[in-house]
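S.K.: One structure, as C-alpha cells, below. Some questions next.
The values are calculated or read from the model by the stated rules, or taken from the named source; none is laboratory data. Small disclaimer: the values here were computed from a predicted structure and weren't measured. Methodologically, a virtual Cβ is constructed for each residue, glycine included, from the backbone with ideal geometry; neighbour enumeration extends over all protein chains shown. Keep in mind that these areas ignore ligands, DNA and RNA; they rest on the heavy atoms of the full protein, side chains included. Shrake-Rupley method; radii C 1.70, N 1.55, O 1.52, S 1.80 Å.
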Amino acid sequence: MAFLKYFTVTLLAFFASIPAHAENLKLTPGLWQGIYKNNFEYNVLEIKENGEHRLIIANIASAFHRNKSIAFNNNDIKCSRLNCTITLISPNKEHLQFTLILSRFLDNSFEVLEIYSNAEDNFVMSKTYRLEKQERQSTVHTFIDKYRSKIDKLATIEKSGLYGFWIGLLNLDGNQKLASIEFHPNKESYFNYFISDGIVSTTFMPQDIKEKDNVLEITTSNPLFANKLIIHKDNRELKGYMYSNHKGTTLQTGSFKLYRFERPE
C-alpha cells in the first residue's frame with residue numbers, strides 16, 4: 001500500500017508539471033546553418049523580422065559559385081508544439097513541392113527532415129541534416145569574404161599534382177566543417193578550417209612536405225592546430241588526416257576530403 005500511495009503521488013506530481021496549454025514552437029529571427037554532406041551542400045536558413053525569409057543552398061565543390069536562394073514568408077510556415085513546417089518550391093524541379101520539417105535539437109539547433117513530393121502529393125525523396133544557430137554571419141559569407149578578391153587567381157594555380165585550390169569537408173568528432181587548402185608550388189601554402197565565428201589557419205612551405213609511398217606528411221606552422229597533415233596523393237581529391245599536437249599530447253584529430261576547385265563555366 002505504501003508503494004501504491006507513493007506511485008500515485010509521483011504520477012499526480014508528474015502530470016501537474018505538464019503545462020495545460022504548451023506553446024507552439026516558434027521560428028524567431030536569426031540565422032541557422034548546416035551541411036548535407038551527401039550532396040556537398042551548405043544550407044543556410046535566414047528568418048527575418050520583416051517576414052521576408054530565405055533558404056540558401058550553397059554548393060561547396062564550386063566554392064559557392066553555384067548557389068540557390070529560395071524566398072518564403074510567414075504564410076509558408078506552420079508550427080505546432082513539436083515542430084515547424086516550411087513549404088517551398090523545389091529549387092531544381094519546379095513541379096516538386098519542397099518541405100522542411102524542423103524539430104528542436106538542444107537550445108539553438110534544429111534537426112531537419114527535408115521532403116520532396118510531386119504534384120499528386122506522392123513522396124519522391126527525403127534527406128536529413130542539422131541546422132545550428134549562428135550569432136554572426138554564415139560560414140558561406142565568411143568564405144566568400146576571404147576569397148572573393150582572389151578566387152580567379154586561385155583557379156589559375158598550376159594544377160599538376162597537388163597544386164591548386166581545394167575545398168571540402170573536415171570531420172571533427174563526427175561534425176562536418178568547411179575546410180580548404182591552397183597548394184602553391186614555390187611559396188607558402190595554407191590549410192584553413194572555418195569555424196562558427198571565423199577561420200583557423202595554418203601554413204607550410206614546400207620544404208615542410210615529405211613524401212613516402214605516395215603519401216605526404218606535412219608539418220605546419222600552427223603550434224596548436226593541425227600541425228601535422230597526412231595526405232594521400234590523388235589528382236581528383238585529397239583524402240587525409242590532421243593532427244593537433246602540443247608538447248607530445250594529441251589535442252585533436254580529424255579526417256578530411258577535399259576536391260580541386262575548377263572555375264564553373
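S.K.: Somewhere in segment 240-249, is a residue in a strand (DSSP E or B), surrounded by fewer than 12 Cβ atoms within 10 Å (Cβ to Cβ) and in contact with a strand residue (DSSP E or B) (Cβ under 9 Å, 6 or more places away or on another chain)? Talk me through it step by step, then tell me what you get.
M.R.: If we filter segment 240-249 for residues that are in a strand (DSSP E or B), which is where we start, we get 240-246, 249.
Then keep just the ones that are surrounded by fewer than 12 Cβ atoms within 10 Å (Cβ to Cβ); that gives 249.
Now drop any that are not in contact with a strand residue (DSSP E or B) (Cβ under 9 Å, 6 or more places away or on another chain), which leaves none.
The answer is no, given that none of the residues of segment 240-249 is in a strand (DSSP E or B), surrounded by fewer than 12 Cβ atoms within 10 Å (Cβ to Cβ) and in contact with a strand residue (DSSP E or B) (Cβ under 9 Å, 6 or more places away or on another chain).
S.K.: When you scan segment 221-262, how many residues do you find that are in contact with a His (Cβ under 8 Å, 6 or more places away or on another chain) and of a type in the set (Lys, Arg)?
M.R.: Summing the residues that are in contact with a His (Cβ under 8 Å, 6 or more places away or on another chain) and of a type in the set (Lys, Arg) in segment 221-262 gives 1.
S.K.: Scanning segment 97-111 for residues that are among the polar types (S, T, N, Q) and modelled with pLDDT of 90 or more, which turns out surrounded by the fewest Cβ atoms within 10 Å (Cβ to Cβ)? Break it down into steps so the answer makes sense when it comes.
M.R.: Filtering segment 97-111 down to residues among the polar types (S, T, N, Q) leaves 97, 99, 103, 108-109.
Right, trim to modelled with pLDDT of 90 or more and you get 99, 103, 109.
Details: Thr99: 17, Ser103: 13, Ser109: 16.
Looking at residues that are among the polar types (S, T, N, Q) and modelled with pLDDT of 90 or more, I get Ser103.
S.K.: Here's another thing I want to ask about it. Output the residues belonging to segment 219-258 that are of a type in the set (Gly, Ala, Ser) and within 12 Å of Ala179 (Cβ to Cβ). Outline the logic, then answer.
M.R.: Taking segment 219-258 and keeping what is of a type in the set (Gly, Ala, Ser), we get 221, 226, 240, 244, 248, 254-255.
Correct list: Ala226, Gly240, Gly254, Ser255.
S.K.: Pull out all pairs, ordered by first then second residue, where Cβ-Cβ is under 6 Å, the residues are six or more apart or on different chains, the first lies in segment 54-68 and is more than 28 Å from Thr85 (Cβ to Cβ), and the second is open to solvent by 10 Å² or more (accessible area, probe 1.4 Å).
M.R.: Ala61/Phe40; Ala61/Tyr259; Ser62/Pro264; His65/Pro264
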